[in-house]
Every structure is written in structure tokens, then in C-alpha cells.
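The values are calculated or read from the model by the stated rules, or taken from the named source; none is laboratory data. All values reported here derive from a predicted model rather than from experimental measurement. Virtual Cβ from ideal backbone geometry, glycine too; neighbours counted across all protein chains shown.
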Amino acid sequence: MTAWRKIVALTTGVMITVGLAACGTANGDGTGNAEGGRLAVVASINQWGSVAADLGGDHVTVTNIMTKTNVEAHDYEPTSRDVAAFGKAAVAIVNGADYDAWASKAAASTKATLVDAADVAGVKDGDNPHVWFSAKVRNAAADAITAAYRKADPSNDAEYERLNKAWHDKEDALESKIKDASATTKGRSYAATESVAWYLADDLGMTDATPTGYAQASANESEPTPADIKDFQDALADGGIAMLVVNTQESNSTTDQITEAAKRANVPIVELTEQMPAEYGNLLDWMNALVDQFDRA
């Protein structure tokens, strides 16, 4: 059963519950309140949820649907509790770009103000959906979240503006770090087992040298051919790739072969995941750590 079909089935089962919850937590203009009068906010993935929490402070309660690194959003199957969370929210935050379509569709059927991180930055379906790695998207999404908070809770407008500025100060520091790191990384070739960190590598001025056949297979979520795998291994052995980026969340026998080829060729490897690991408190802390990894590799 597809994720969206499961949402439909689950929604039928929890419709009355969600409807009552929405009525019980909605104020006159249709926004939801969590316990203590805070705005109820739901985010499809934890990296955007961390941004939502930083921007809302004590005025919001954020529920993250996906928090673990052992499954990606494409494959996630929502539960009845997930569906109910969207029904109770004042603000719903999704990644967009067809990365978490199940969440976009669930949120669209509620009264929640929807923030689509990809869409507010002009990233469309079919583009690389891993947009939290992009400085441009992070900035646009943060401002859209703040605008949603101000609309839902105008009495705390000044506080939301203060938190927005504090967040941007940290993002500016990250971008300064990226600029400094690009003195080392600019023009450096890399290849990736999956194009998860493409935006970050681009911000660092790096050149994507992933063999075309393999890259196309990965983008289409299909299996690379034996010839594609050999081309990748040969490129690593020939010195045409200076760094390998591995998405450990999607490890399989193919990525293992490529990783082993990189090790034999002494090509530095940067390992990362799609979902934000639990050891990081927020998205910007995670991005800072990844910039360090790219810079050192």
C-alpha cells in the first residue's frame, strides 16, 4: 500500500477523532493551540522541526513525525497518530519537492498554515529534494515559518521577530564558515552514492564528478548496471574523484562495493544521513559539523 493510500485509510479511521481534536484546539481564526496555550506545530522531518522550535521558542510545541535515520521520507508510512497531529496543528511544515508527499497531502486537508520549505525557495517537484542542505532554502524556509507564526499568534509578533534574527545570526555564521571552507573545497571533485548533499557541496564550490550512468540510476531510484558500478570504481581508482560522499541511510551491496573501491584508492570518504542524527540539537549544528567533515576530508 502506498504511503498516500495508507493516509486515506487511516484518515477514515481517525476522522472523528481528528475532527474533535481540531475543534477542541482551534481558536476563532482556525489556528491550533497545544498545552499551555502554545502554538501546535508539526513538521514532517526533524531537521525542519528543529528550525521550527528555534524560531518559536517557548511559544510553540513542535511535533516531529520522522526522527530516526533508519528510514527515509520516501519510504515512510504514516500512522494514525501522524495524521491526527496534522489535524491539530496551527502550522504544518513539510520539506516538499515530492520528498514527503504523504505529509503535504495530509496537511493540505487541515486548517493549518502550510510551510513548504522547497516551494518557498522556488525548488519544484523533480528537483533535488534534499533542500535542507541549501543555504538559500534554509533562509527562505525560516522566514516563511516566522511569517506563519506571526499570522497565527500576532500577540507575540515582536518575540518571533527577535527569534528570527537570532536564528539568522547563526545561519550567517554557518555561511561564513562555508565561505572559509570553500578556500579548500572550491573546485574539488567529489562523487556521491546518492545526491543527498548536492546543495551543500555546491555551496562549498565543489564539482560533482559522479559517473553519469550511476547518477541517473540513483536519481531515478533504480539499480545501477554492472557497467555503471565499474565506471564508478574505475573513476575512483584513476584519481578522477577526490572525495566520496556516502549516504549511510541507504547502504546496500552496491554502495558497499563503491565504498571499498574508494578505500583501496585512498579516496577520503564523508559519511552522512538524510534525517538529522539524534546527537545534534538543531539543523545548523548538524550543518556546521558536516562542513567540518568536508573541509577535513
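Quick notes on this structure:
- Of all residues making up segment 145-166, the number that are of a type in the set (A, V, I, L, M, F, W, C) and surrounded by fewer than 20 Cβ atoms within 10 Å (Cβ to Cβ): 3
- Those residues of segment 186-195 which are out of contact with any helix residue (DSSP H, G or I) (no Cβ under 6 Å at 6 or more places or on another chain) and of a type in the set (S, T, N, Q), in sequence order: Ser189, Ser195
- Residue match in segment 83-102 (condition: out of contact with any strand residue (DSSP E or B) (no Cβ under 7 Å at 6 or more places or on another chain), more than 22 Å from Ile65 (Cβ to Cβ) and among the aromatic types (Phe, Trp, Tyr)): no
- Unique residue being of a type in the set (A, V, I, L, M), surrounded by fewer than 20 Cβ atoms within 10 Å (Cβ to Cβ) and farther than 20 Å from Pro277 by Cα when the list is Ala97, Ala108, Ala85: Ala108
- Scanning segment 169-187 for any residue that is modelled with pLDDT of 95 or more, within 17 Å of Val91 (Cα to Cα) and surrounded by fewer than 22 Cβ atoms within 10 Å (Cβ to Cβ) turns up nothing.
- In segment 229-274, the residue that is modelled with the lowest pLDDT out of those that are closer than 16 Å to His130 by Cα and buried (at least 20 other Cβ atoms within 10 Å of the Cβ) is Glu274.
- So Asn282, is it at pLDDT 95 or above and on the phi > 0 side of the Ramachandran plot: no
Yes/no matrix, rows are residues, columns are (1) closer than 21 Å to Ala148 by Cα; (2) crowded, with 19+ Cβ neighbours inside 10 Å; (3) modelled with pLDDT under 75; (4) small (Gly, Ala, Ser):
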position: Gly32; (1), (2), (3), (4): yes, yes, yes, yes
position: Ala43; (1), (2), (3), (4): yes, yes, no, yes
position: Thr61; (1), (2), (3), (4): yes, yes, no, no
position: Thr67; (1), (2), (3), (4): no, no, no, no
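- Out of Ala141, Ala118, Ala103, Ala90, sole residue that is at pLDDT below 95 and crowded, with 24+ Cβ neighbours inside 10 Å: Ala103
- Contact map, segment 91-118: first residue part of a strand (DSSP E or B), second residue surrounded by fewer than 24 Cβ atoms within 10 Å (Cβ to Cβ), Cβ cut-off under 6 Å, separation 6 or more or different chains; pairs are Val91/Thr113; Ala92/Leu114; Val94/Ser104; Val94/Asp116; Val115/Ala144.
- On inspection, Ala192 qualifies as crowded, with 19+ Cβ neighbours inside 10 Å, closer than 30 Å to Ala242 by Cα and modelled with pLDDT of 95 or more.
- Residue check, Asp82 modelled with pLDDT under 95, among the acidic types (Asp, Glu) and not in a helix (DSSP H, G or I): no
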